[in-house]
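Comments concern the structure below.
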Amino acid sequence: MSALLETPRETRQPTPRRTSRPRRAFAVLVCAFSLLLALGLALHVFVPEVFGIGLLVDSALPWFGLGIPVLVVAALVTRSRGAVIAALVPAVVWGVMFVPGIVPLSWSAPMASASTLTVASQNVNAGAGTAGDSARTLAATGAQVIALQEMDSTARDEVSAALGAAYPYSYGIGTVGVWSVYPIENAQPLDLGLGWQRAIAADLQTPAGLVSIYVIHAASARPEDHAARDTMLANLASYVPRDENTRLLMLGDFNAGSSDRNFAALTDQLSEANQSSGGFGFTWPASSPLTRLDHVLQRGMQVTSSTTLNAGASDHLAVLTTLNL
């Protein structure tokens, strides 16, 4: 009887497991770093130039993607859905910014037409003493136009000896020069506002008509010393809308990575093709490329292939591009 009257014990509900404070704090930290990385990618042009930070951020921007898998793994460790979602935000931003530019050109490149133009460009690093070797390597690619930068008088003589027979037309000034199988017309030096002759402009008389060509060796860019380069790039960009030729090429050592804010004035008006095999097409330093300082920009033509290659002992890889005229 007493057993029947015994009050049943209160059934205890299992206590829900709570995320520990350290884990919650870690999740908040992952969210904060994810947001910071996403903002750094999307708004990098607003990073101040104080102490050269802006230049460093712009130059290294593609490499910021290396932080994304670290954040994703850290978010998974926290077991926080919010942290995982936050870690994916910079991944989306990075993908939008860079994936379209690293897709292989070979996937969508047009067929070569009956009339094509192949151009090669390299900073030959005169101190390397292999400008002639670079010229011969680039000539062996079948390029009709070869543009070289950072030449001294010795390097220029070596290149002229190597290319003179096959490239009867040439023009050079300062540290830059161009050799062509097609006639070069209206050639002139460009000081780009600094009084330096490190750029040239000319017309190529190709079988398909005139093509404007600009060859540039921009001033060096260091974290706290890139004003001269910025001025050159800005003045160079001003030539684009004033050029009367429908087809235009601008190539050389711009000393600016593809994501550099001061390079945007050119890429807003001209296009640079993806690499035929994909990737960023980094050109410097040649032994282990970290950024793309050397570019081939164009308008009015279709690029059928674009690659980089070693030539001579320069610290820059050469760039090689073929276009339909």
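Within segment 182-200, the set of residues being open to solvent by 50 Å² or more (accessible area, probe 1.4 Å), part of a loop (DSSP other than H, G, I, E, B) and over 20 Å from A155 (Cα atoms) comprises D191, G193, L194, G195.
For segment 54-82, the set of residues classified as closer than 28 Å to L293 by Cβ and either open to solvent by 80 Å² or more (accessible area, probe 1.4 Å) or of a type in the set (F, W, Y) (or both) consists of L56, W63, F64, L66, V70, listed by residue number. Pick out the one residue from S121, S160, S134 that is modelled with pLDDT of 95 or more, outside any helix (DSSP H, G or I) and either of a type in the set (A, V, I, L, M) or surrounded by 13 or more Cβ atoms within 10 Å (Cβ to Cβ) (or both). The unique qualifying residue is S121. Here S314, S287 are screened, and the one residue that is farther than 25 Å from S106 by Cβ, in a loop (DSSP other than H, G, I, E, B) and without any contact (Cβ under 8 Å) to a residue 60 or more places away in the chain is S287.
Starting from residues that are assigned to a helix (DSSP H, G or I) and more than 16 Å from D268 (Cβ to Cβ), keep the ones in segment 205-245 and report whichever is nearest to the chain's Cα centre (by Cα). This residue is R229. Only a single item in (1) surrounded by 19 or more Cβ atoms within 10 Å (Cβ to Cβ); (2) over 14 Å from T307 (Cα atoms); (3) not hydrophobic (A, V, I, L, M, F, W, C) is not met by T283, and it is number (2). Pairs are defined by a Cβ separation below 7 Å, a sequence spacing of at least 6 or placement on different chains, a first member in segment 96-109 that is closer than 19 Å to W63 by Cα, and a second member that is surrounded by 13 or more Cβ atoms within 10 Å (Cβ to Cβ) and among the hydrophobic types (A, V, I, L, M, F, W, C); the pairs so defined are M97/L41; I102/F280. For segment 290-311, the set of residues classified as more than 16 Å from A147 (Cα to Cα), open to solvent by less than 40 Å² (accessible area, probe 1.4 Å), touching a residue at least 40 places away in the same chain (Cβ under 8 Å) and part of a loop (DSSP other than H, G, I, E, B) consists of M301 only. Of the residues making up segment 202-225, those that are open to solvent by less than 20 Å² (accessible area, probe 1.4 Å) and either polar (S, T, N, Q) or over 25 Å from G142 (Cβ atoms) (or both) are T206, S212, A218, A219. For segment 227-243, give me each residue that is farther than 27 Å from I53 by Cβ and either of a type in the set (S, T, Y) or touching a strand residue (DSSP E or B) at 6+ places or on another chain (Cβ under 8 Å) (or both). Result: S238, Y239, V240, D243. Which of the residues belonging to segment 72-107 are among the polar types (S, T, N, Q) and at pLDDT below 95? Once the filter is applied, which keeps residues that are among the polar types (S, T, N, Q) and at pLDDT below 95, segment 72-107 yields T78, S80.
Within segment 315-325, the set of residues being open to solvent by less than 10 Å² (accessible area, probe 1.4 Å) and hydroxyl-bearing (S, T, Y) comprises just one member, T321. Under 7 Å between Cβ atoms, which residue pairs at least 6 apart in sequence (or on different chains) link something in segment 141-153 that is open to solvent by less than 10 Å² (accessible area, probe 1.4 Å) with a partner that is of a type in the set (D, E, K, R) and at pLDDT 95 or above? That search, which allows pairs on different chains as well, returns Q149/D253. May I ask you to list the residues in segment 250-263 that are open to solvent by 30 Å² or more (accessible area, probe 1.4 Å) and not hydroxyl-bearing (S, T, Y)? Across segment 250-263, the qualifying residues are R261, N262.
Residues are listed down the side, and each one gets a yes or a no for (1) closer than 17 Å to S121 by Cβ; (2) at pLDDT below 95:
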residue: Q197; (1), (2): no, yes
residue: I213; (1), (2): yes, no
residue: I216; (1), (2): yes, no
residue: S220; (1), (2): no, yes
residue: A227; (1), (2): no, yes
residue: L233; (1), (2): yes, no
residue: D243; (1), (2): no, no
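Residues of segment 22-53 that are surrounded by 13 or more Cβ atoms within 10 Å (Cβ to Cβ) and β-branched (V, I, T): V28, V30, V45, V47, I53.
Scanning segment 137-157 for residues that are among the small types (G, A, S) and part of a loop (DSSP other than H, G, I, E, B) yields A140, G142, A143. In segment 163-181, the residue that is most open to solvent (accessible area, probe 1.4 Å) out of those that are farther than 12 Å from A131 by Cβ and among the hydroxyl-bearing types (S, T, Y) is Y169.
The values are calculated or read from the model by the stated rules, or taken from the named source; none is laboratory data. None of these values were measured; they are calculated from a predicted model. When we count neighbours, we look across all protein chains shown, and the Cβ atoms used for this are built from the backbone with ideal geometry, even at glycine. Surface accessibility is based on the protein's heavy atoms, side chains included, excluding ligands, DNA and RNA. Shrake-Rupley method; radii C 1.70, N 1.55, O 1.52, S 1.80 Å.
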